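Working notes for the structure below.
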Amino acid sequence: MNVPAATPIFAPGENCSPAWRAAPAAYNASDTYLQILGKPVMERWETPYMHALAAAAASKGGRVLEVGFGMAIAATKVQEAAIDEHWIIECNEGVFQRLQDWAQLQPHKVVSLKGLWEEVAPTLPDGHFDGILYDTYPLSEETWHTHQFNFIRGQAFRLLKPGGVLTYCNLTSWGELMKSKYDDINTMFEETQVPALLEAGFQRENIHTEVMELVPPADCRYYAFPRVITPLVTKH
């Protein structure tokens, strides 16, 4: 049975930023979802997709930066790769505590960085990372569809080594775009994502994607399209 038309993820003008850091990280008992301030931050059905993003970010080995920890789905997969170091930025108090507990059990060095990426990323040196995975939750209606571009344009290109790989997602945005404006996920990516990647300094021939069949559960509030897309963006 179809669920009723859902309330939009963000109300006009809504801004969760001021309360986000200290808001409880609501992991359910079976660890199948994470909610913060009532927002559906992550769900377990995303696992195959998170693993694809993790594989992309770790594909060059070396030092990997992950922005947003969530449920550790991608992070655990990154740790299975032949990497040297795994740097993770996370701003929410409860999620960061889970990150610290998780980090103690991992085979590769974890550098846990507490704060918003806007605070932390500018303190990191140029050309420091072989791979970057950006998957944070939008904190306002204003940045719902655009927050990843601020990171990509301002930080990602700078932080990558030549030959390094950026991958990222904004499922909360892309789910809405695939529901309201697009029926082809490749077209969505080409029209809404590629311009910002080019503006950041990446070259068109180094921007690739892979599409995966993945059907979300019917009650997922943020994504209903039966495919997801993995960006594979290399710095020349």
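The values are calculated or read from the model by the stated rules, or taken from the named source; none is laboratory data. All values derive from a computational prediction rather than experimental measurement. Cβ placement follows ideal geometry from the backbone for every residue including glycine, while neighbour counts extend to all protein chains displayed. Ligands, DNA and RNA are stripped out before the accessible areas are found, and what is left, the full protein with its side chains, is counted by its heavy atoms. Shrake-Rupley method; radii C 1.70, N 1.55, O 1.52, S 1.80 Å.
Results, tabulated for the structure shown:
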{"item": "Kyte-Doolittle mean at least -0.5 and Cα axial length at least 24 Å: DSSP H helices in the chain", "result": "none"}
{"item": "At 1.002 mPa s and 20 °C, Stokes diffusion of the chain via Kirkwood alpha-carbon radius, µm² per second", "result": "119"}
{"item": "Net charge, residue 40 excluded, C-beta distance under 15 Å - Lys, Arg +1, Asp, Glu -1", "result": "-3"}
{"item": "Distance (nanometres) between label positions extended 7 Å along Cα→Cβ at residue 186 and residue 93", "result": "4.8"}
{"item": "Under 24 Å from residue 60, Cα to Cα: lysines that are on another chain or at least 8 residues apart", "result": "77, 109, 161, 235"}
{"item": "For the chain, share of DSSP beta bridges that run antiparallel, in % to the nearest 5", "result": "45"}
{"item": "Sulfur and carbon atoms: percent of accessible area, the chain [1.4 Å]", "result": "52"}
{"item": "Accessible area per residue, Å², the chain with all protein chains present, probe 1.4 Å", "result": "44"}
{"item": "Point-charge dipole on Cβ atoms (K/R +1, D/E -1) for region 145-203, about Cα centre, debye to 20", "result": "340"}
{"item": "Residues with amide H under 5 Å from that of residue 209, placed H, sequence gap 5 or more", "result": "232"}
{"item": "Residue-wise HN-Hα coupling along region 194-205, computed from phi with Karplus coefficients 6.51, -1.76, 1.60 (Hz; x: Gly, Pro)", "result": "4, x, 5, 5, 5, 4, 6, x, 6, 8, 4, 6"}
{"item": "Distance in nm between pseudo-label sites at residue 214 and residue 161 (7 Å out along the Cβ direction from Cα)", "result": "2.7"}
{"item": "3J(HN,Hα) from dihedral phi, region 158-169, Karplus parametrisation 6.51/-1.76/1.60, rounded to Hz, x for glycine, proline", "result": "4, 6, 6, 6, x, x, x, 10, 9, 9, 6, 8"}
{"item": "Residue 30 paired with residue 203, simple spin-label distance in nm, labels 7 Å along Cα-to-beta-carbon", "result": "4.9"}
{"item": "Under 5 Å, built H, 5+ apart or other chain: amide partners of residue 227", "result": "214"}
{"item": "Coil-residue GluC sites (Glu not before Pro) of region 125-224, DSSP, other Cβ within 10 Å capped at 16", "result": "141, 142"}
